[in-house]
1. Using a 10 Å cut-off on Cβ atoms, rank the peptides 19-26, 82-89 from the highest mean neighbour count down.
2. Please find the FRET efficiency linking E113 to I201, where r is the Cβ-Cβ separation and R0 is fixed at 35 Å, and quote it to the nearest 0.05.
3. Taking H placed 1.01 Å from N in the peptide plane, check which residues at least 5 places from Q71 or on another chain put their amide H under 5 Å from its amide H.
4. Go through [x] 26.8; [y] 31.1; [z] 20.2 and flag the label whose value is the computed Kirkwood radius over Cα pairs in Å for this structure.
5. Roughly what angle does helix 2-38 make with the longest principal axis of the chain, taking Cα atoms, 0 to 90 degrees, to the nearest 10?
6. With 10 angstrom as the radius, rank W254, W28 by how many other C-beta atoms surround their C-beta, starting from the fewest.
7. Please find the FRET efficiency linking V121 to T165, where r is the Cβ-Cβ separation and R0 is fixed at 25 Å, and quote it to the nearest 0.05.
8. Based on the mean of other beta carbon atoms within 10 Å per residue, what is the order of 203-215, 293-305, most packed first?
Amino acid sequence: MNKNRTDKIIILTTKCLGIALLIAIIIWGTMYFYKGYTYEQTNDAQIDVYLSPINAKVGGYISKIYYKDNQQVKKGDTLVVIALDEYGLKREAALAELMSSRSKLPILAANEETQIKSVEVIKAQVSGVKAKLDQQQREYERYKNLLADESVTKQKFENVSASLTVNQSDYEQIKASLRVTQSKLNDIAAQRSAINAEIKIKEALLKRQDLDIKYTVITAPFNGQVGKKTIQEGQLIQPGQTLAFLVNDSEEKWVIANFKETQIGNFKLGQKVSIEADAFPDEKFSGVIESLSPTTGSRYSLLPPDNATGNFVKIIQRIPVRIKLTDTSEKLGKLSAGMNANVYILKK
């Protein structure tokens with residue numbers, strides 16, 4: 001009696017479980033086919049965000065690292081410090097060269113002042129020699145007339161003529177000395193221009209060394225979260241080397257959904273999209289279609305397929321669709337780059 005009753009209970013329980021399972025399968029199947037009929041969907045989708053590389057502008061040995069894996073940082077926070085010794089010595093050398101160039105200017109100014117005084121002296125001498133020459137010229141004319149009247153001997157006239165020639169020679173010599181001295185002033189002006197240009201070059205080199213010293217301290221360019229730390233203290237780094245990746249907190253996030261080429265026929269820019277992230281299956285995210293790729297994903301590969309080889313097998317291609325997430329930043333803060341997602345777009 002008890003055995004029959006137990007068998008009936010087992011049979012009844014099995015029937016109930018079977019009916020419940022059948023109902024669940026019917027509901028799941030109905031929802032699945034309803035979604036398939038109502039939405040274009042794909043599970044080939046990932047959350048994406050801009051990863052900003054933090055690069056070294058100068059090379060050297062790392063003296064200190066101030067961040068850890070996945071650490072939140074603020075704009076201006078120090079991330080890495082490069083050893084300063086070598087750049088400090090280079091700056092001192094550049095400063096010494098600049099001071100050496102600047103020290104030439106006072107020497108040049110003193111030489112210029114000396115030449116200016118020399119010019120003044122020679123100009124005064126020119127006036128004296130010119131007056132003496134004019135006097136000798138008049139004396140020559142007077143003796144010339146006296147010689148014509150035979151009032152003076154020829155020897156006396158020749159002496160006066162020789163004195164005139166000597167005075168003319170002295171005058172030309174003093175004028176040549178004046179031109180040479182004035183030419184030296186022009187040379188000093190040219191030297192000053194060259195030294196000033198040299199000083200500007202040395203000042204620029206010093207500023208460059210100051211920049212290099214500034215670049216030895218690498219800071220966060222914006223608020224965000226640092227990724228994995230791949231460097232160590234004491235490591236030698238090169239200019240341009242990537243030290244870390246920083247995710248900007250203020251930048252928008254988006255989804256790249258790879259739809260089959262047979263699905264995108266009715267897609268339009270601005271069309272609403274529903275997203276489910278695998279990490280948060282009970283939560284839905286909203287978005288809109290922002291753009292469609294001009295080519296299939298395979299065209300971006302290193303070796304794109306060539307269908308003219310004679311071994312053609314038709315394969316449905318995927319078109320990357322960029323979807324802009326439109327939820328609040330607090331809600332989107334849960335999502336991380338690279339997360340898988342399911343994307344649903346209402347058919348029209």
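Please treat every number below as a calculation from the coordinates, not as lab data. This one's a predicted model, so the numbers in the text were calculated from it and none came from an experiment. FYI the Cβ positions are ideal-geometry reconstructions off the backbone, even for glycines, and counts take in every protein chain you see.
1. On the way: 19-26: 10.0, 82-89: 15.4.
Packing proxy ranking, top to bottom: 82-89, 19-26.
2. On the way: r = 27 Å, r/R0 = 0.76.
The computed FRET efficiency comes out at 0.85.
3. Under 5 Å from the amide H of Q71 lie the amide H atoms of V226, each far enough along the sequence or on another chain.
4. Answer label, from the structure shown: [y].
5. So the helix axis and the longest Cα principal axis differ by about 40 degrees.
6. Values: W254 20, W28 10.
Ranking W254, W28 by Cβ neighbours within 10 Å, fewest first, gives W28, W254.
7. Values: r = 25 Å, r/R0 = 1.01.
Efficiency computed from Cβ-Cβ geometry: 0.50.
8. Details: 203-215: 15.1, 293-305: 11.0.
Answer by packing, highest mean first, reads 203-215, 293-305.
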